[in-house]
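Here is the structure we will look at.
What follows is calculated from the coordinates using simple rules that are stated; it is not laboratory data. Computed from a predicted model, the values in this text were never measured in an experiment.
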Ligand SMILES: O=C(O)CCC(=O)C(=O)O
């Protein structure tokens with residue numbers, strides 16, 4: 001197994017980064033740009049509707065329905081490139097995944113604010129594996145009580161695995177980088193516990 005860097009490791013969770021885990025990252029990026037039905041998403045906050053500053057898609061097993069920020073995501077089916085990535089990150093993380101959230105950042109103005117992946121349907125201590133393609137961007141963690149920060153860069157082909165109580169104890173974000181003009185795609189593989197029965 002290839003080498004990784006430990007970004008966070010302690011009683012409040014763990015984050016490990018494999019910088020060069022995905023082969024043919026450029027070709028994969030091009031395939032996802034082409035094949036994925038990228039959606040514009042809107043969220044409602046403080047009585048107003050905002051366009052989310054990135055494009056999104058949700059793929060996974062039938063029934064892996066995921067709700068966040070008041071939005072319900074019905075999964076589109078897996079396709080071979082996503083299945084190959086799922087199997088790769090599953091091995092790195094030593095955990096199964098039944099779904100993936102894809103985010104496409106058109107440039108450095110697109111971003112994701114501070115949040116935790118702590119929705120109920122992800123369970124108590126979710127394992128999240130995050131694959132980056134395209135332009136390198138900065139990624140930050142902030143501890144919820146001590147406010148300690150940990151920052152790293154996520155290059156194309158990297159895999160970041162977050163596990164243990166990390167999602168309870170640390171927030172994360174992808175900040176704006178106004179000088180960045182190239183796109184980036186991120187895929188966060190997750191295991192959604194709730195399955196719709198009807
Ligand atoms: O694009 C990224 O690296 C961050 C994605 C993320 O935080 C998420 O999907 O919850």
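Summary table
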read-out	value
Normalised contact order of segment 5-190, rounded percent, pairs of Cα under 8 Å and 6 or more residues apart	30
Residue among 105, 68, 50 with the largest mean-square fluctuation in a Gaussian network model of the chain, springs linking Cα atoms under 10 Å	50
Using distinct alpha-carbon pairs, which all enter the 1/r mean, Kirkwood radius of the chain in Å	17.1
Most fluctuating residue given options 114, 78, 18, as computed from a GNM of the chain linking Cα atoms under 10 Å	114
Cα extents of segment 73-149 along the three principal axes, largest first (Å)	40, 34, 26
